[in-house]
Each structure stands twice: as structure tokens, then as C-alpha cells.
1. Could you give every pair whose Cβ atoms fall below 6 Å, whose first residue belongs to the stretch 3-18 and is over 20 Å from I138 (Cα atoms), and whose second residue is within 8 Å of the ligand (Cβ to nearest atom) and aromatic (F, W, Y), counting only separations of at least 6 or pairs across chains?
2. Are any residues in the stretch 64-87 within 20 Å of the chain's Cα centre (by Cα), in a helix (DSSP H, G or I) and surrounded by fewer than 21 Cβ atoms within 10 Å (Cβ to Cβ), and if so, which ones?
3. What's the number of the only condition in (1) part of a loop (DSSP other than H, G, I, E, B); (2) under 19 Å from F20 (Cα atoms); (3) touching a residue at least 40 places away in the same chain (Cβ under 8 Å) that G102 fails to meet?
4. Assuming P98 fulfils every condition listed in (1) over 21 Å from G10 (Cβ atoms); (2) out of contact with any strand residue (DSSP E or B) (no Cβ under 7 Å at 6 or more places or on another chain) apart from one, which condition is it?
5. If you go through the stretch 88-99 one residue at a time, how many are part of a loop (DSSP other than H, G, I, E, B) and away from the ligand (no atom under 13 Å from the Cβ)?
6. Could you figure out which of (1) at pLDDT 95 or above; (2) more than 16 Å from the ligand (Cβ to nearest atom); (3) among the charged types (D, E, K, R) isn't true of K24?
7. All but one of (1) free of Cβ contacts under 8 Å to residues at least 40 places away in the same chain; (2) buried (at least 20 other Cβ atoms within 10 Å of the Cβ); (3) hydroxyl-bearing (S, T, Y) hold for Y61; state the number of the condition that does not hold.
8. Counting only residues that are out of contact with any Lys or Arg (no Cβ under 9 Å at 6 or more places or on another chain) and more than 9 Å from the ligand (Cβ to nearest atom), which one in the stretch 62-75 is nearest to L16 (Cα to Cα)?
Amino acid sequence: MLKIVVLGTGNLSKHLCTAFIKAKDVEIIQVVGRNEEDLQQFSDYSPISNDFNAIADADVYIIAVKDDAISEVSEHLSKKKGIVAHTSGAIHLNAVQPDNKGVFYPLQTFTKGKSVDFENIPICFEAQEKESLKTLEILAKSISKNVHQIDSDQRKKLHLAAVFVNNFTNYMYHVGEALCLEEGISFDLLKPLILETAEKIQTIPPKDAQTGPARRNDKKSMTGHLELLNNETHITLYKLLSEAINKAHEKEL
Ligand SMILES: NC(=O)c1ccc[n+]([C@@H]2O[C@H](COP(=O)([O-])OP(=O)(O)OC[C@H]3O[C@@H](n4cnc5c(N)ncnc54)[C@H](OP(=O)(O)O)[C@@H]3O)[C@@H](O)[C@H]2O)c1
């Protein structure tokens with residue numbers, strides 16, 4: 001049985017704990033956090049504590065706090081023997097202060113109130129010690145079938161790619177919704193298009209899947225679009241992205 005302590009009570013902590021309580025051979029022996037109200041939500045299935053100086057002894061400590069607080073929180077674990085693993089895509093393994101360092105990064109977007117199926121979520125793990133690598137692999141495989149040993153440089157690049165495909169794409173949905181609302185049209189009309197865009201790159205490389213006025217270099221359509229935009233940021237984004245698409249496909253035109 002792997003004994004784990006989870007530090008932090010936010011989005012990822014809740015989703016990870018929900019997965020770990022269903023896992024065989026894993027026991028959450030404590031959840032530690034500074035937010036009393038959030039902490040109470042874990043009390044149904046785990047002892048809880050708001051005291052970072054009274055952390056139980058465990059095999060693995062999962063630090064699920066905001067990126068900037070990882071180093072500071074890990075300092076509370078400097079006398080522990082277990083693996084101290086952070087969960088961030090963007091932060092180097094060395095941000096963890098204790099010697100038995102690790103990373104346990106689930107590559108997915110986790111949001112409050114939206115459940116996820118961990119089975120297919122890629123979990124990227126890394127550790128300083130050989131034995132710790134094995135332990136983190138076992139822990140990752142207890143909740144997912146999609147487990148990868150990835151070093152800090154690779155993970156940071158992967159996280160950057162994730163920012164492009166998820167964070168930036170979601171902002172585009174936000175802009176699309178605002179444009180629909182300007183005309184009193186429901187954003188629902190765009191949802192089948194959004195789903196097909198994500199679906200087709202499962203089998204077609206993204207470059208080949210590109211369509212639209214910028215790929216075809218349809219100048220009149222692009223000028224017409226720019227005339228409809230009244231937000232400077234949206235105009236800048238439209239021009240920048242159209243130029244990038246056009247450049248990526250100029251040899252085909
Ligand atoms: N959400 C995702 O989609 C996702 C995906 C993969 C990885 N991650 C990683 O998971 C980690 C947590 O992200 P999250 O999305 O769960 O963030 P979150 O929902 O904002 O939760 C952050 C948690 O960190 C705690 N915290 C912040 N500063 C602290 C400090 N100085 N000392 C102690 N606790 C502190 C917060 O406590 P308070 O409530 O008291 O502020 C809260 O419990 C991050 O490293 C992130 O990169 C997130």
C-alpha cells in the first residue's frame with residue numbers, strides 16, 4: 001500500500017484525490033492546506049490538517065499548490081524520507097527543496113465542478129532517484145493507463161505546447177462567443193464546428209487540417225472580417241494569426 005499526503009486544496013488536488021480514493025493499493029493518509037473551507041471537502045475520506053509543520057510520514061507527498069509556492073511548501077518536507085513531487089508542467093524538478101525530488105504532472109485541464117476520467121489522462125513523471133522513479137510510475141499507473149517518464153526540459157516544452165492548444169484555443173472560444181453575442185446569436189451554433197476541429201486532428205496532421213480564408217489567401221474575405229472587428233486586441237490577433245497561417249501555407253498557394 002502506497003501512503004500519500006496531498007498538499008493543496010485547489011482544482012487539481014480535488015481531482016487527484018477523487019482518482020486516488022478509487023485506486024487499489026493507494027491510501028491518502030492526509031490532505032494539508034491553508035484554506036479551512038476547501039480543506040473540509042476532503043474530510044469525508046481523509047484526515048485533514050491546516051498545519052504545514054504537522055505533516056504525516058508518507059511514501060509520496062504530492063504538492064498541488066500554485067506554481068510560485070512549490071519551493072516554499074516543499075521546505076516543510078525537508079526532514080521527510082518520502083518522495084516530494086510537485087504537479088506542475090512549467091516548473092523544474094529542482095524547485096523541490098528536499099533531496100528525494102519528483103514530478104507528477106497530469107496533462108489535462110482541471111476545473112472545479114467538471115469531473116474527468118483519469119484513465120486516459122497522460123501522467124508525466126520524473127524523479128531524482130531510481131527507486132523513486134519506480135514508485136512514481138506505480139502511483140501514476142494506479143490511476144491512468146497513459147503514463148510517461150519525461151524530464152524537466154521536455155515537460156516544460158510539452159506544457160508550452162499545451163498552452164497553445166488549450167489556453168489560447170479556449171481564449172479563441174471566448175472571442176467567438178463575444179462576436180456571436182454582438183449579433184444576438186447563440187454560441188451553441190459554433191459547438192459542432194469546435195468538436196469537429198478537435199476530432200479531425202485525431203487522424204489528420206494539424207497542418208493538413210487547416211482551412212479558412214488565410215490558408216486560401218482570400219484577401220476580400222479577410223478585409224471584410226477586419227472591418228467587422230471593433231476591438232483592437234481582436235484586430236491584432238486576427239492579423240497576426242492570419243499572417244502565420246498564410247506563411248505556413250504560402251508554398252501551396
Ligand atoms: N488546474 C489544472 O488544469 C492543472 C493541470 C495540471 C497541473 N496543474 C498544477 O497543479 C498545481 C495546482 O494548480 P490548481 O489548478 O489546483 O490551482 P488552484 O485551484 O488555484 O489551487 C491552488 C492551491 O494552492 C494553495 N496555495 C497557494 N499558495 C500557497 C502557499 N503559499 N502556501 C500553501 N498553499 C498555497 C491554494 O490555497 P488557497 O486556496 O488558500 O489560496 C490552493 O489550495 C499547480 O502547480 C498547477 O501547475 C494544474
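The values are calculated or read from the model by the stated rules, or taken from the named source; none is laboratory data. What you are looking at is a predicted structure, and each value in this text was computed from that prediction instead of being measured. Note that each Cβ is placed from the backbone with ideal geometry, even for glycine, and that neighbours are counted across all protein chains shown.
1. Final answer for the pair search is N11/F110.
2. The answer is D67, D68, A69, S71.
3. (1)
4. Among (1) over 21 Å from G10 (Cβ atoms); (2) out of contact with any strand residue (DSSP E or B) (no Cβ under 7 Å at 6 or more places or on another chain), the lone unmet condition for P98 is (2).
5. Filtering the stretch 88-99 for residues part of a loop (DSSP other than H, G, I, E, B) gives 88-92, 96-99.
Filter once more, keeping what is away from the ligand (no atom under 13 Å from the Cβ): 97-99.
Looking only at that region, the number is 3.
6. Every listed condition holds for K24 apart from (1).
7. Y61 satisfies every listed condition except (1).
8. The extreme case among them is I62.
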